[in-house]
Amino acid sequence: MQDQGVTTADQQGNVDIPQPQAPAHFRSGLEEYERSGEDKPPFVLTYTEVKLLGIAGVGFFLDAYDLFIINPVATMLQYRLYGGQSLPANLQGLLKAAANIGSVIGQFGFGYCADAFGRKAIYGKELMLIIIATILCITTPTGSISPNGSLIYLSIFRIILGIGVGGDYPMSASITSDRAVLRKRGTMLAYIFANQGWGSFVGSLVTVIVLACYKHVMNVEGETSKVDGVWRIVIGISLIPAFATLYQRLTLPESKRFLKSQKAAEEEEMVDSKNVAVKEKSLSSSTSNEGSDVPVIPEEKKAHFKEFFRYFSEWRHAKILIATCGCWFFLDIAFYGINLNQNVVLQEIGFDGSSGTPWEKLFKIATGNIIITALGFVPGYYATVLTIEKLGRKVIQFQGFLMAALFLGILAGKFYELSNAAFIVCFALLQFFFNFGANTTTYCYPAEVFPTRYRASAHGLSAACGKVGAIISALVFNTLTASIGTPNVLWIFVGCCFAGAALTLLLPEVAGRDPDVVLAEELKERP
């Protein structure tokens, strides 16, 4: 690790960053801190770090819970609204894409605001939006309006839910990265993102438990319409961890790293203002016989958007942003194409609920979702947690894309020939390398590669591009599958993985790299 790539941390988990005027002071400060913790691996956390992960990680748990729970809920709504028949194709696509549509708005909107107004001013507001939207979702009047109207009602409030879910991406990433020491930064971010696996797993588990409670009334008494209570309870349970975390988020203090980045930005503005004044004075002196002094008039604080645009107008920065956006976009086309349409997978492994009573069908689907999540989701995330500081983000992301392409290719090429056991193994490995790969690192990269003052905005823009890919998959997967067949759709996903691997080559390795120090050095080079 180079000396200039290190920082210092206090007991509250805040991290000091080097200022352009005195980088040596911060280098020497962190060397002592780093030596004090070298005897422990990065994945061994302090109490302060565990507390931070609890605050930020619960948000990601809820994100995954809310995003992936729509699969079993959509199946339940078939029995409540359409007598067991499939949902209308267009409304089904809207329902599944709704949260991702909202996420696009929330990711960039909250990300920009976090940089412009500060993390403390914004953090917690996205969770409040999630809570309000969740309550509104479970009030869907399925017995008072038409079936199509019910789906539209639910979709509208899931869009609002998605705005809050999307806002959590840049907020939690920036909050964590601002407070993490360099040698643990990637591990901390991977820990937070791993909660997505637990959110999906717990969502499936809760569905099984609630369905089991309704077995008698639905399966014995034959009151299938009672499934209306099941999906409302399943969605409503997510309010428990949301309320438990809200106070901590709203009262979290601003990090020292962000405060110092703002101070550095203000100092740069003062220097720029003085330079402009000197030039104006020189120009005035050369054109005026009086030669009077030109007063230095302080400029108003620059709009964050202008600063953001100026920074990324340089190709060396723009290409990194293009890569983080592009990698996330291509990943989510494939990742959400598979995970928002798991009925195809469940059918292949015999858990599609094609036979039995309505309750038995729903219970079998919920069980299949647990199997899928346990086999690939959770193990893949923690493989990244344990190795991200040793292997690096670039290696994990590149190999993850290639291995996902390999297993997608096997599924596409042998789709009608694989046995159930072979299909399960192949699909589990696919999920493993999604998560021990690009699904985790595309979240980590924008939080680590960009300077603090642009971090949340860049992360939000990158995540929003990913959600655009997810929306495309949600809206066109079923239609495209009907027209060209599932194997050909899987081949499209293979191409997306190769495109993501190619874009990964534009990214630098960020292990031990402090983007604020890099920015300070770049500012010194400016004329």
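The values are calculated or read from the model by the stated rules, or taken from the named source; none is laboratory data. What you are looking at is a predicted structure, and each value in this text was computed from that prediction instead of being measured. Please note: Cβ atoms are built from the backbone with ideal geometry, for glycine as well, and neighbour counts cover all protein chains shown. Calculation scope for accessible area: heavy atoms of the full protein, side chains included, ligands and nucleic acids excluded. Shrake-Rupley method; radii C 1.70, N 1.55, O 1.52, S 1.80 Å.
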Which numbered condition Ser355 misses (of (1) in contact with a Cys (Cβ under 7 Å, 6 or more places away or on another chain); (2) hydroxyl-bearing (Ser, Thr, Tyr); (3) without any contact (Cβ under 8 Å) to a residue 40 or more places away in the chain) | (1)
Starting from the range 484-503, take each residue that is touching a residue at least 24 places away in the same chain (Cβ under 8 Å) and list its partners that are open to solvent by 20 Å² or more (accessible area, probe 1.4 Å) and among the hydroxyl-bearing types (Ser, Thr, Tyr), counting only C-beta distances under 8 angstrom and pairs at least six apart or across chains.
-> Pro487/Tyr416; Val489/Thr481
Out of the residues in the range 484-509 that are assigned to a loop (DSSP other than H, G, I, E, B) and in contact with a Phe, Trp or Tyr (Cβ under 9 Å, 6 or more places away or on another chain), which is nearest to Ile472 (Cα to Cα)?
-> Gly485
Matching residues in the range 115-132 (within 12 Å of Ala242 (Cα to Cα) and assigned to a helix (DSSP H, G or I)) number 8
Could you tell me whether any residue of the range 18-33 is modelled with pLDDT of 55 or more and buried (at least 16 other Cβ atoms within 10 Å of the Cβ)?
-> no
Is it the case that Gly57 is closer than 28 Å to Leu461 by Cβ, out of contact with any Asp or Glu (no Cβ under 9 Å at 6 or more places or on another chain) and either at pLDDT below 90 or buried (at least 24 other Cβ atoms within 10 Å of the Cβ) (or both)?
-> yes
Just checking, which of Thr373, Thr387 is assigned to a helix (DSSP H, G or I), of a type in the set (Ser, Thr, Tyr) and without any contact (Cβ under 8 Å) to a residue 60 or more places away in the chain?
-> Thr387
Is at least one residue of the range 192-202 on the phi > 0 side of the Ramachandran plot and modelled with pLDDT under 90?
-> no
Top-ranked residue of the range 303-326 - restricted to ones that are of a type in the set (D, E, K, R) and touching a residue at least 24 places away in the same chain (Cβ under 8 Å), ranked as surrounded by the most Cβ atoms within 10 Å (Cβ to Cβ) = Glu307
How many residues, within the range 219-243, are at pLDDT 90 or above and of a type outside the set (Phe, Trp, Tyr)?
-> 16
Over the range 329-352, the set of residues within 18 Å of Phe68 (Cα to Cα), surrounded by 20 or more Cβ atoms within 10 Å (Cβ to Cβ) and modelled with pLDDT of 70 or more is Leu331, Asp332, Ile333, Ala334, Phe335, Tyr336, Gly337, Ile338, Asn339, Val345, Leu346, Phe351
Filter the range 223-250 for residues that are more than 12 Å from Tyr79 (Cβ to Cβ) and part of a loop (DSSP other than H, G, I, E, B); the one that is least open to solvent (accessible area, probe 1.4 Å) is Ser238
Going through the range 201-215 one residue at a time, which ones are part of a helix (DSSP H, G or I), open to solvent by 10 Å² or more (accessible area, probe 1.4 Å) and touching a residue at least 12 places away in the same chain (Cβ under 8 Å)?
-> Phe201, Val202, Ser204, Leu205, Val206, Val208, Val210, Ala212, Lys215
Counting only residues that are more than 29 Å from Lys125 (Cβ to Cβ), assigned to a helix (DSSP H, G or I) and of a type in the set (S, T, N, Q), the range 74-110 contains a total of 4
Tell me, please, whether a residue that is touching a Phe, Trp or Tyr at 6+ places or on another chain (Cβ under 7 Å), touching a residue at least 12 places away in the same chain (Cβ under 8 Å), buried (at least 19 other Cβ atoms within 10 Å of the Cβ) and assigned to a helix (DSSP H, G or I) can be found in the range 510-517.
-> yes
Which residues, taken from the range 70-86, are open to solvent by less than 10 Å² (accessible area, probe 1.4 Å) and farther than 15 Å from Gly337 by Cα?
-> Val73, Ala74, Met76, Leu77
What residue, of Thr187, Thr142, Thr134, Thr176, is open to solvent by 10 Å² or more (accessible area, probe 1.4 Å), polar (S, T, N, Q) and in contact (Cβ under 8 Å) with a residue 60 or more places away in the chain?
-> Thr142
Residue that is more than 30 Å from Val206 (Cβ to Cβ) and either open to solvent by 10 Å² or more (accessible area, probe 1.4 Å) or among the β-branched types (Val, Ile, Thr) (or both), where the choices are Thr373, Thr387 = Thr387
With Tyr416, Tyr382 as the choices, which residue is of a type in the set (Phe, Trp, Tyr), open to solvent by 10 Å² or more (accessible area, probe 1.4 Å) and closer than 14 Å to Asn439 by Cβ?
-> Tyr382
